[in-house]
Amino acid sequence: MYARCAGLLGLSYRAERLAHIALGLGVPILAAIFWGLFMAPKAVLPASAPLHLVLSVLIFGLAALALASAGQPALALVFAAVFVVNQILLWVWWQ
């Protein structure tokens, strides 16, 4: 979902055609690489628990901002609310 939000931001950004395509494809690819390296359950360089939480808030917060700036404020609010509920449930269930 984050990659889609990042792609939406890149595609909605008003720029020259080449920058438009580069942002639309490059941002989601970089986000996926970052997630795979540091955030995934089987990450190559896993982040510690506190850092993982901070990076998750940063990443998903940026995704919500990307949705809002792409003209989808209601969807951004829902996305952020689902993230918060998910983080609370992860903490409650010790996952």
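Inside the stretch 51-77, can you point out the residues that are polar (S, T, N, Q) and modelled with pLDDT of 90 or more?
Matches in the stretch 51-77: 56 only.
Just one of the numbered conditions (1) surrounded by 13 or more Cβ atoms within 10 Å (Cβ to Cβ); (2) over 13 Å from the mean Cα position of the chain (by Cα); (3) at pLDDT 80 or above is not true of residue 11; which one?
(3)
Could we say that residue 6 is among the small types (Gly, Ala, Ser), assigned to a helix (DSSP H, G or I), surrounded by fewer than 17 Cβ atoms within 10 Å (Cβ to Cβ) and at pLDDT below 95 here?
Details: among the small types (Gly, Ala, Ser): yes; assigned to a helix (DSSP H, G or I): yes; surrounded by fewer than 17 Cβ atoms within 10 Å (Cβ to Cβ): no; at pLDDT below 95: yes.
Criteria not met by residue 6.
Here is a yes/no grid of residues against (1) over 22 Å from residue 24 (Cα atoms); (2) in a helix (DSSP H, G or I); (3) β-branched (Val, Ile, Thr):
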{"site": "43", "(1), (2), (3)": "yes, no, no"}
{"site": "64", "(1), (2), (3)": "no, yes, no"}
{"site": "75", "(1), (2), (3)": "no, yes, no"}
{"site": "78", "(1), (2), (3)": "yes, yes, yes"}
{"site": "82", "(1), (2), (3)": "yes, yes, yes"}
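I'm trying to understand the selection: among the residues of the stretch 35-56, which are in contact (Cβ under 8 Å) with a residue 12 or more places away in the chain, closer than 23 Å to residue 81 by Cα and either surrounded by fewer than 13 Cβ atoms within 10 Å (Cβ to Cβ) or out of contact with any Ser or Thr (no Cβ under 9 Å at 6 or more places or on another chain) (or both)?
Answer for the stretch 35-56, where residues must be in contact (Cβ under 8 Å) with a residue 12 or more places away in the chain, closer than 23 Å to residue 81 by Cα and either surrounded by fewer than 13 Cβ atoms within 10 Å (Cβ to Cβ) or out of contact with any Ser or Thr (no Cβ under 9 Å at 6 or more places or on another chain) (or both): 35, 52, 53, 55, 56.
Going by the structure shown, is residue 48 modelled with pLDDT under 90 and of a type in the set (Ser, Thr, Tyr)? Steps first, answer last, please.
Working: modelled with pLDDT under 90: no; of a type in the set (Ser, Thr, Tyr): yes.
Criteria not met by residue 48.
Give me a count of the residues in the stretch 84-95 that are assigned to a helix (DSSP H, G or I) and without any contact (Cβ under 8 Å) to a residue 24 or more places away in the chain. Steps first, answer last, please.
If we filter the stretch 84-95 for residues that are assigned to a helix (DSSP H, G or I), which is where we start, we get 84-92.
In the following step, the residues that additionally are without any contact (Cβ under 8 Å) to a residue 24 or more places away in the chain were identified as 84-86, 88-92.
The total comes to 8.
Return yes or no: is residue 76 surrounded by 12 or more Cβ atoms within 10 Å (Cβ to Cβ), touching a residue at least 40 places away in the same chain (Cβ under 8 Å) and touching a Leu at 6+ places or on another chain (Cβ under 6 Å)?
On the way: surrounded by 12 or more Cβ atoms within 10 Å (Cβ to Cβ): yes; touching a residue at least 40 places away in the same chain (Cβ under 8 Å): no; touching a Leu at 6+ places or on another chain (Cβ under 6 Å): yes.
So residue 76 does not fit the description; no.
So if I check each of 63, 81, which one is exposed (fewer than 12 other Cβ atoms within 10 Å of the Cβ) and not charged (D, E, K, R)?
On the way: 63 fails: exposed (fewer than 12 other Cβ atoms within 10 Å of the Cβ).
One residue alone meets the criteria, 81.
The values are calculated or read from the model by the stated rules, or taken from the named source; none is laboratory data. Note that the coordinates shown come from a computational prediction; the quantities given were computed from them, not determined experimentally. Note that each Cβ is placed from the backbone with ideal geometry, even for glycine, and that neighbours are counted across all protein chains shown.
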